[in-house]
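A.B. asks: Quick one: structure below, then a few questions.
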Amino acid sequence: MTTIEETLVLVKPDGVARGLTGEILRRIEAKGYALVDIRLVQADRELLGKHYEEHVGKPFYEPLVSFMESGPVVAIRLAGNRVIEGFRSLAGTTDPTTAAPGTIRGDLGRDWGLAVQQNLVHGSDSPESAARELALWFN
Ligand code: GDP
Ligand code: MG
């Protein structure tokens, strides 16, 4: 059974600054997902507050927003069969120290010991999140 979906992927400011956008896109394309749209965005607090509304009030929220507005991000509208779950699997778990080798975060993510994990990428976590986030980042 096929479930063609779209998801929002962000290459976070650490990924762009470290020159890893191409490597991350290479992994996405090698997996067979389709790039539907892509743009470089300097996000502001208003956009980030909506994007991360589920994390408002958590200890890492302020560092997270500051980090995400520290430089441009690459926003990608990505399509494919079960791509929401599939990209999360490619990305690996949140903490780069324990993310599995073979994943983007496991292979390339570094633990800098900061108040927020700079873990290279974001991927929507459900169909509802994907729809909400794609509407925020792509009009
Ligand atoms: P994700 O879906 O794997 O990106 O993780 P979450 O949605 O739970 O959190 C959003 C982002 O906040 C993560 O990607 C990290 O950059 C950061 N973050 C989340 N949880 C923690 C935490 O416990 N400690 C720190 N330092 N950063 C976190
Ligand atoms: Mg999340």
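The values are calculated or read from the model by the stated rules, or taken from the named source; none is laboratory data. Please read these numbers as outputs of a predicted model, since none were measured by experiment. Here the Cβ is made from the backbone with ideal geometry for all residues, glycine too, and neighbour counts use every protein chain on show.
A.B. asks: Just give me the residues in the range 54-109 being of a type in the set (G, A, S) and touching a helix residue (DSSP H, G or I) at 6+ places or on another chain (Cβ under 8 Å), in sequence order. Before you say what the answer is, go through the steps one by one.
C.D. replies: Step one: filter the range 54-109 for residues of a type in the set (G, A, S), giving 57, 66, 70-71, 75, 79-80, 86, 89, 91-92, 99-100, 102, 106, 109.
The answer is S70, G71, A75, G80, G86, A91, G92, A99, A100.
A.B. asks: Right, another one. Looking at the range 45-74, which of its residues are away from ligand 2 (no atom under 14 Å from the Cβ), among the acidic types (D, E) and under 16 Å from the mean Cα position of the chain (by Cα)?
C.D. replies: E69
A.B. asks: Report, by residue number, each residue of the range 102-125 that is part of a loop (DSSP other than H, G, I, E, B) and within 14 Å of ligand 2 (Cβ to nearest atom). It would help to see each step written out before you state the result.
C.D. replies: At the first step, the residues of the range 102-125 found to be part of a loop (DSSP other than H, G, I, E, B) are 102-103, 109-120, 124-125.
V116, Q117, N119, L120, S124, D125 - these are the residues of the range 102-125 that are part of a loop (DSSP other than H, G, I, E, B) and within 14 Å of ligand 2 (Cβ to nearest atom).
A.B. asks: Within the range 75-83, is there a residue that is near ligand 1 (Cβ under 10 Å from one of its atoms) and either without any contact (Cβ under 8 Å) to a residue 24 or more places away in the chain or surrounded by 16 or more Cβ atoms within 10 Å (Cβ to Cβ) (or both)? Before the answer, list the steps.
C.D. replies: From the range 75-83, those near ligand 1 (Cβ under 10 Å from one of its atoms) are none; that's our starting set.
There is no residue in the range 75-83 that is near ligand 1 (Cβ under 10 Å from one of its atoms) and either without any contact (Cβ under 8 Å) to a residue 24 or more places away in the chain or surrounded by 16 or more Cβ atoms within 10 Å (Cβ to Cβ) (or both).
A.B. asks: Return the pair list, or none, for Cβ contacts closer than 7 Å from residues in the range 102-124 that are at positive phi to residues that are of a type outside the set (V, I, T) and assigned to a helix (DSSP H, G or I), at least 6 apart or on different chains.
C.D. replies: L120/D14; L120/G15; L120/R105; L120/L108
A.B. asks: So in the range 89-101, with the set limited to residues that are surrounded by fewer than 19 Cβ atoms within 10 Å (Cβ to Cβ) and under 25 Å from P127 (Cα atoms), which one is farthest from ligand 2 (Cβ to nearest atom)? Outline the logic, then answer.
C.D. replies: To start, the set of residues in the range 89-101 that are surrounded by fewer than 19 Cβ atoms within 10 Å (Cβ to Cβ) comprises 89, 93-95, 97-98, 100-101.
Checking the rest, the ones that are also under 25 Å from P127 (Cα atoms) come to 89, 93-95, 100.
Numbers: S89: 14, T93: 11, T94: 8, D95: 13, A100: 17 Å.
Restricting to residues being surrounded by fewer than 19 Cβ atoms within 10 Å (Cβ to Cβ) and under 25 Å from P127 (Cα atoms), the top hit is A100.
A.B. asks: Hey, another quick one. Taking only the range 1-26 into account, find how many residues are basic (K, R) and either surrounded by fewer than 13 Cβ atoms within 10 Å (Cβ to Cβ) or more than 21 Å from Q117 (Cα to Cα) (or both). If you could, list the steps in order and put the result at the bottom.
C.D. replies: Within the range 1-26, the first condition is being basic (K, R), and the residues that meet it are 12, 18, 26.
Among the residues that remain, those that are also either surrounded by fewer than 13 Cβ atoms within 10 Å (Cβ to Cβ) or more than 21 Å from Q117 (Cα to Cα) (or both) are: 26.
Of the residues in the range 1-26, 1 are basic (K, R) and either surrounded by fewer than 13 Cβ atoms within 10 Å (Cβ to Cβ) or more than 21 Å from Q117 (Cα to Cα) (or both).
A.B. asks: Within the group R132, R110, which residue is under 22 Å from D37 (Cβ atoms), modelled with pLDDT of 95 or more, more than 12 Å from ligand 1 (Cβ to nearest atom) and among the basic types (K, R)? Explain how you work it out, then say what you get.
C.D. replies: Details: R110 fails: under 22 Å from D37 (Cβ atoms).
Of R132, R110, the one residue that is under 22 Å from D37 (Cβ atoms), modelled with pLDDT of 95 or more, more than 12 Å from ligand 1 (Cβ to nearest atom) and among the basic types (K, R) is R132.
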